[in-house]
Structure formats: structure tokens, C-alpha cells
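**Q** Below you will find the structure I want to go over with you.
Please treat every number below as a calculation from the coordinates, not as lab data. Everything numeric in this text was worked out from a predicted model, so none of it was measured. Glycine also receives a Cβ, built like all others from the backbone with ideal geometry; neighbour counts cover every protein chain displayed.
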């Protein structure tokens, strides 16, 4: 029994291929999943802090004075649809149709950009009402939480742009689709975090 | 299988010999070299932190003494704690992870060799950075737990706390990267037949520790970010006058801080779980139970953090929960102790220095564990909190547990790393001076604590009647210091003139002993096939594993190529974080650009030679 297991493991795990793995999942992808687990705790702490500080602001403006559910819903929808574009981009990388893949990567970038621009204008509006990072516990926890998320979106957009460039140069054949898939994992993660933020920060009064 | 065959290294293959010289070490991605650098750096910081401890003990020799000012004393105990936890105990354990784990699972390197190098350089630069404050007289001074509001601009106006929060957040990156790397390595890179439940205990505990690293470090990272924003950009996270809650810092710190305790202790548990069977000539008693106990400690370790905060006033319900959780976590720990004892029971015990350190650990760690159980009771903690009793307790578990285990590992694996045995006579001197010095330093602190001597205060009143305990502790600390010098002399002496070790000087059972000492840079010419937990004790299998690993490789093993981007990226990250000190937003943004550039260059550089 043990020998049979060892033998089959040996087949799957070719000693001469440095990239063969026990699970069949590449190191890059597995490592990135682990990193995302770490990111969950990172955002979890930021979100928990926001929730702990909810209602503790000594001075206004307060959340109810500022949040515009309609506008935030629109920007959230745009961000969510960017995940669809990401899935399509990966699909076309698998199919070796690089121009369509590049097109959908640009769609990801465009939707992420729309989200950032809309959020930028709401930041401007909030600051106009007197909410700053130092004005209250609400200001501190809101800006650091959402700012960290926006930084993640921005990093994702740069990543997509680099992938598009490499696709254009023909450096990502279907056999190397992991590169796009991992970027996709990251992008979906950033989206999911926003769903949590949207629900906890904006929807719950 | 003669020794001569074992010592035979493949000759005439230029590509098989590793390059030498300083540049080859700076650009190395070899897990074994990175391990050696981790070890040397951690040993250096061990002496820095040790000198700080001795200065503390000099100041406390007599009551109402003023060898150092209160301010300098604050810096000394803050940096002693910070150094010993983040720059000694953790990286020393990581040195062992790096060297031993790939060898124990039959891999040629870790999953991400360049990320591994990055971890080391970030740790080194962060460690240096956090110590830079000494040179301008502004070392961190708000204790290693950095409680709000002591760290606010109002109470810490200088650069002291800036060095602390920036340095620690730099080092945190190294820990998360290390955790990702070792989880991936252990899940994905095991040799054929090396099933999870065949892995040596040290690899298992590395695995559990890595999960604690990737989950606990982000929490302290966010707490440090809040602190950084408070100090640099005027946010009010920990400002009570604006509704901020200083207790939030305590929660975030200890949500990280208690898993951190297990990050320090579990590697050591893994080390002695490998050593005790070797020197008892018996397989580990109850292998699966020891594995499950380690996993359970990791889990429960996440639910006990508020026992550091019983005096904060969280209320009876919260206190009761954490009292119960703290008592429960003693169970898997106790199970492990009994398993180690049962492994020795009826075995043929060889009292080598490594084994002595393991037995010493069992004794002193149990003392620390028992005072830990005392602290689990909230009412007793109210009495003991912030007294020297607590100082005695955590030194018994961290030094008596974590460090003792790592020293045992040092004597055990040194022959694998250098090809030479550490001198046993000097080793026994090291062990006994450690035992005497350590107990003489920390046992009296139980008494001075119960007499009411507070920790973190630069002096104490003569009325407390704790002079004798303090003087005993100071004498003990210097004996302990001498033991460290004996260790370093032994390392230096034996690395050059020690007795040749051969592949398996201890007749141990695990895979790392099947290859020559020191190993080839590709570790295994052919990946071994594993059929049991003790591959080298199983006779038929022993011949096969040795025969396989002594072969010259049929085809060139494909090894990752050296790279200078890890050190450059680490440097750029350190500089970028340091620029946060300026508080000028465009300087900070400019500082990120080199990080971005180095990341790109890293990403586009092939990790393996062309064609692979």
C-alpha cells in the first residue's frame, strides 16, 4: 500500500521538473492564496476597528450626514462588473486570443478607474463637509480603511496594465495563464473586500 | 555504505559547485546560505540584547541607584524586549526553518527562493533600522508592547517611537513573506512518499508556526499603521480626548502578541521532538497526538489574548472566557511534555549536549508553564500584573522554552551545516552555565515580584526588601552572559577544528541525515522516495535512500539563479518606510517609486535558468 502510494506520487512528481508540486497547484498560485489569507486578517482588522469605533465620533460630520447610498451603489456595481471582465480576460488568455484578452483587461482597468474617480469625488465632498483623518474616530477609521482598499485597487490596475503589455508582446501563452489567473485572484479578492465594506460601512445605518 | 562514499562529492561538474565570495552571498537564493545568514544576524542581535539586559541588571544591583537615568533605562528595557523577541528568537527559529525544512521533506529549495532572500534582507535592514535610534540617543522607549498613549506625540515627542513602529512594520513584511513561503514549501514540495503524517515534527511545527505568522502579523501591522497615522498624519485612533480608545491598541497588540508567544515556542517544540527520539533510540511516542497537540496550540493560541489584559477591566464575562481558554491551552502543552517523557522512557538515552538542552527545556519550561497556569486565574493576575513575577514567568517560557530548544537544535544540526561536530566538553560547559545562570537570574524574580517590585521602573525602594533577589539575579545574568561567550567560542572553534561529522553522526532517522554534511547546494542528487516516518531507521529503506542520495545526478538539477533584486527591494522598502518619518506626503510618494521599480525588475527576472 505504502509502496503503491509512493510510486504514484513519483509519477506525479517528476524529479526532473522543478515546477512539479504535490498538490498539482503551482507554487505561485498556492502561495498567493496563502497571501490572500493574510490579507483577510489585514482587512479584517481594519474593518473591525471601523465597527468598534462606530458611533464614537465626538464631533461631526457623522456618517448619516455624508453617505450617498445611490452614488456608492453605482460605483460598487461598476467595481463588481470589473470582476466579470477579469474572468473574460482570463478565458481569452486560455484560448490564446490575446487581443480579446487585452481588451477585457483594459475593461478591468477602466472600471477600476471609474470606481476610483467616483470615490475620489466623494472624498472631496466629505472633506468639504469637514471630515478629515483627524476630525474624529469616524474620520480616522473611515479614511484609513477605504484608503487602504483604494490603494489595493490602484495596485491591481497597474498589475493589469503590465499584464496587458506582456500579452501584447506575446509573453503570456496559454501555458503561462497562471500569471493572469493569480492577478485575477487578487482582483476578485479586492472586490469581495469592497462588498464587505459596502455592507458594513454604507448599508448598515 | 562507507564514510568515504558518503563524503564523496561529485567532482568535475563546474555547475555543481557553488560560487564563493561576498557577492555570491549577497545574491544568494540558496536556503542553506540564507539560513546561515539568519543565524549569524540573530546571534549578533542576541549579544546586543544581552548587553542591554546586563546593563539593566547593573542598574538594579542596589535600591535607589542611578547608574542610568530613568529615560535611558526605559530605552534599555524597551530595546531589550524588542530585540530579543523580533531580532533574536524569531529569526533564530527562521534560520532553522530555512536550513532544515527543505532537507527534511526532501526538496531542493523552498518554494520561493528569491522571496526567501528578500525576507532575510528585510529582517536585517529592519533590525538595523530599529537600532539606529541609539546613535542619536533616541532609541524606542515605550516598552516592547508600546501601549497607547505612551507612544503618542504628546508623551513621546522625539523620534524614539518612530524608529520603533517603522522598524517593526518593516520586519513584519519579512515574517509574512516567510510564512507564505514555508506553507507553500511544505504543502507543495515534499519528496515522493513524504505524506503529511510522515513529516518530521520540526517540519510540522514550522507549518503551524507559518500559519500563525501569516494570521498574527497582519494584525500588528494594522496596529502599527494606526500608530503611524496618529503620529505622522494626525489621526486620532488612540487619542482619548477625541474618542479614541487606548484599549484598542492593547487588543490589537495582544491578538498578535499571544499567537506570537506560540510563534516563538512551537519551533522549539518541533526541534526537541526530533532530537529526543534520536538520542533515546526510539520513535517519538504518540506521533499523531504530538502533531495534533501542536495544531491545537496554534488554534487555541488565537483565543487567549485578553489574559494579558485582566487589569484593563473588560468585565467578568470576557475575563471568564479568557480564563477558561488559557487553562485549556495548558492541556495540549502538557500532553506534549508527557509524550517527550514517554519517548525517553525505556529508551537508550545518550546524554549529548543537544539532549541535555532538551531535558533542561522540559524542566525549566514546566516551571514557566506552571506560573502561566497561575496567571490564568484573573484574580491572581490582578495581584501579579506588571510585577517581576510576570518577568520571571515569561523568561522561563521564552528563554527556558524557545531559546533552550534552539540551542539544542544548534548542537544537533551544526554538524549537518558545517560537516564538523561542536565540541562536547565546551557544550556541556555551555549547558551547565546556562542552567545555573538562567535559574539564578530568573528564579529570584518570582520572589521580588511577589514582594511587590514593579517591572519597567528604573529603580526600587529599599523598603521592599528585594535587594538580595536583585543581586542574585544580577550575578546570574553575568553567568548567563559567560555561557553565551562559551557558545560563541565553541561555534568559532568547532567550525574550523571540530571533529569531522560524516553524514549521520547521531544515527538519526530523518532525511536530512541521508545526505553529506555539508549538503551539496542542490541538496539531493535524486529526490528520495519515502516509505515511513523514520526512513533511515528502517533497514531496507536506509540502504535505498542512502544509495539514491549518494548518486551523482543523471541530469543537472535545475536550481534557481542568484539575484541582487531581493537585497535591492529590501533596501528600497526600508528607505521608503523610513521616509514616513519626514511626514511630507510627496517625499513619501517618491519613496515608493524605487520599491515599485525593484518589484517590476524582480517580476521580470526569470527565477530559473532560461528554458525552465
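**Q** Averaged over all directions, how much area does the convex hull of the C-alpha atoms of segment A:28-203 cover when projected, in nm²?
**A** Its Cα hull, projected and averaged over all orientations, spans 9.8 nm².
**Q** Where in segment B:58-77 does the amide nitrogen come within less than 18 Å of the point 7 Å from the Cα of residue B:478, taken along Cα to Cβ?
**A** B:58-63, B:65-68
**Q** Taking R0 as 60 Å, what's the FRET efficiency between residue B:485 and residue A:94 from their Cβ-Cβ distance, rounded to 0.05? Mind dumping the intermediate values first?
**A** Working: r = 62 Å, r/R0 = 1.03.
Given R0 = 60 Å and the Cβ-Cβ separation, E is 0.45.
**Q** Convex hull volume of the Cα atoms in segment B:433-531, per residue, in Å³?
**A** Each residue corresponds to 194 Å³ of Cα convex hull volume.
**Q** From the helices alone, meaning DSSP H stretches of at least four residues, give me the mean residue ellipticity at 222 nm for chain A, per-run term -39500 (n - 2.57), in deg cm²/dmol to the nearest 500.
**A** -25500 deg cm²/dmol
**Q** Same structure, new question: Helix B:246-280: angle to the longest alpha-carbon principal axis of chain B, degrees 0 to 90, nearest 10?
**A** Rounded to the nearest ten degrees, it is 30.
**Q** May I pose another question? So how do B:212-222, B:502-512, B:423-433 stack up, highest first, on mean other-Cβ count within 10 Å?
**A** The packing order, highest mean first, is B:212-222, B:502-512, B:423-433.
**Q** What fraction, in whole percent, of alpha-carbon pairs in segment B:112-230 exceed 18 Å separation?
**A** Counting pairs separated by more than 18 Å, the tail of P(r) holds 59 percent.
**Q** Take peptides B:384-396, B:152-164 and line them up by average Cβ neighbours within 10 Å, highest first, as a rough protection proxy.
**A** B:384-396, B:152-164
**Q** In vacuo Debye scattering of segment B:445-596, one point per C-alpha: log10 I(q)/I(0) at q = 0.10, 0.15 Å⁻¹?
**A** -0.86, -0.90
**Q** Take the alpha carbon gyration tensor of segment A:121-193, find the square roots of its eigenvalues, order them as a ≥ b ≥ c, and report rounded if a/c is under 1.5; if not, report prolate when a/b exceeds b/c, else oblate.
**A** Prolate.
**Q** Let me know the mean shielding of B:527-537 by other chains, meaning the per-residue number of their Cβ atoms within 10 Å of its Cβ. The partial results should precede the final answer.
**A** On the way: counts 6, 1, 7, 3, 4, 1, 0, 0, 0, 0, 0.
Shielding by partners across B:527-537 averages 2.
**Q** In square nanometres, what is the average projected area of the Cα convex hull of segment B:55-151?
**A** 8.7 nm²
**Q** While we're here: Can you list the equivalent-ellipsoid semi-axes of segment B:323-377, largest first and in whole Å, using the square root of 5 times each Cα gyration tensor eigenvalue? Don't skip to the answer; put the middle values down first.
**A** Details: eigenvalues 140, 32, 7 Å².
Equivalent ellipsoid semi-axes, largest first: 26, 13, 6 Å.
**Q** Using a 7 Å offset from the Cα along the Cα-to-Cβ direction at both residue A:59 and residue A:125, what is the distance between the two label points in nm, to one decimal?
**A** Here the modelled spin labels are 2.3 nm apart.
**Q** Here is a follow-up. What value, in deg cm²/dmol to 500, does the helix sum -39500 (n - 2.57) over DSSP H runs of n ≥ 4 give at 222 nm once divided by the residues of chain B?
**A** Calculated mean residue ellipticity at 222 nm is -21500 deg cm²/dmol.
**Q** Rounded to the nearest angstrom and ordered from largest down, what semi-axes does the equivalent ellipsoid of segment B:253-346 get from its C-alpha gyration tensor (root of 5λ)?
**A** Working: eigenvalues 197, 32, 16 Å².
Semi-axes (√(5λ), whole Å): 31, 13, 9.
**Q** Output the peptides B:454-466, A:144-156, B:83-95, B:223-235 sorted from most to least packed, where packing is the average of other Cβ atoms within 10 Å over each peptide's residues.
**A** Sorting B:454-466, A:144-156, B:83-95, B:223-235 by mean packing, highest first, produces B:83-95, B:223-235, A:144-156, B:454-466.
**Q** Counting C-alpha atoms alone, how compact is the protein assembly as shown: give Rg to one decimal and Dmax as a whole number, in angstrom.
**A** Answer for the protein assembly as shown, Rg first and Dmax second: 27.3, 84 Å.
**Q** Quick one: go through segment B:279-307 and flag any residue whose amide nitrogen is under 19 Å from the point 7 Å out along the Cα-to-Cβ line of residue B:532.
**A** B:279-289
**Q** Based on a Kirkwood Rh over C-alpha pairs, give the Stokes-Einstein translational diffusion coefficient of segment B:167-217 at 37 °C and viscosity 0.692 mPa s in µm²/s.
**A** My calculation gives 284 µm²/s for D.
**Q** With a Förster radius of 25 Å, plug the Cβ-Cβ distance of residue A:114 and residue B:564 into 1/(1 + (r/R0)^6) and report the FRET value to the nearest 0.05.
**A** So, using R0 = 25 Å, E works out to roughly 0.05.
**Q** Want the number for residue B:586 to residue B:40: 0.36 nm per residue separation, take away the alpha-carbon distance, what's left? Could you put the intermediate results ahead of the total?
**A** On the way: separation 546, 0.36 × 546 = 196.56 nm, distance 3.76 nm.
Between residue B:586 and residue B:40, full extension yields an extra 192.8 nm.
**Q** Percent of alpha carbon pairs in segment B:30-560 separated by more than 40 Å?
**A** Across segment B:30-560, Cα pairs with separations above 40 Å total 21 percent.
**Q** Same structure again: What shape does segment B:168-256 have by the C-alpha gyration tensor, where a ≥ b ≥ c are the square roots of the eigenvalues, rounded means a/c under 1.5, and otherwise prolate means a/b greater than b/c and oblate the rest?
**A** On the way: a/c = 5.54, a/b = 3.10, b/c = 1.79.
Here segment B:168-256 falls in the prolate category.
**Q** A follow-up question, please. Which length gain, in nm to one decimal place, applies between residue B:64 and residue B:363 when the Cα-Cα distance is subtracted from 0.36 nm times their residue separation?
**A** 104.2 nm
**Q** Right, here's the next one. Could you work out how far helix B:160-188 tilts from the main Cα principal axis of chain B, as a 0 to 90 degree angle to the nearest 10?
**A** In chain B, helix B:160-188 runs at an angle near 30 degrees to the longest axis.
**Q** Under the definition of partner shielding as Cβ atoms of other protein chains within 10 Å of a residue Cβ, what is the mean value for peptide A:133-146? If you can, show how the numbers build up before the last one.
**A** On the way: counts 7, 8, 4, 5, 10, 2, 3, 13, 6, 0, 3, 8, 1, 0.
Partner Cβ neighbours, averaged per residue: 5.
**Q** Which whole number gives the average, over all residues in A:51-64, of C-beta atoms from other chains lying within 10 Å of the residue C-beta?
**A** Working: counts 0, 4, 6, 0, 1, 4, 3, 5, 2, 0, 0, 0, 0, 0.
The mean count of partner-chain Cβ atoms within 10 Å per residue comes to 2.
**Q** Helix B:467-497 versus the longest principal axis of chain B: what is the Cα-based angle in degrees, 0 to 90, to the nearest 10?
**A** Long axis of B:467-497 versus the principal axis of chain B: about 20 degrees.
**Q** I want to check the label-to-label distance for residue B:604 and residue B:350. Put each point 7 Å from Cα in the C-beta direction and report it in nm to one decimal.
**A** Taking the simple label geometry, residue B:604 and residue B:350 are separated by 5.5 nm.
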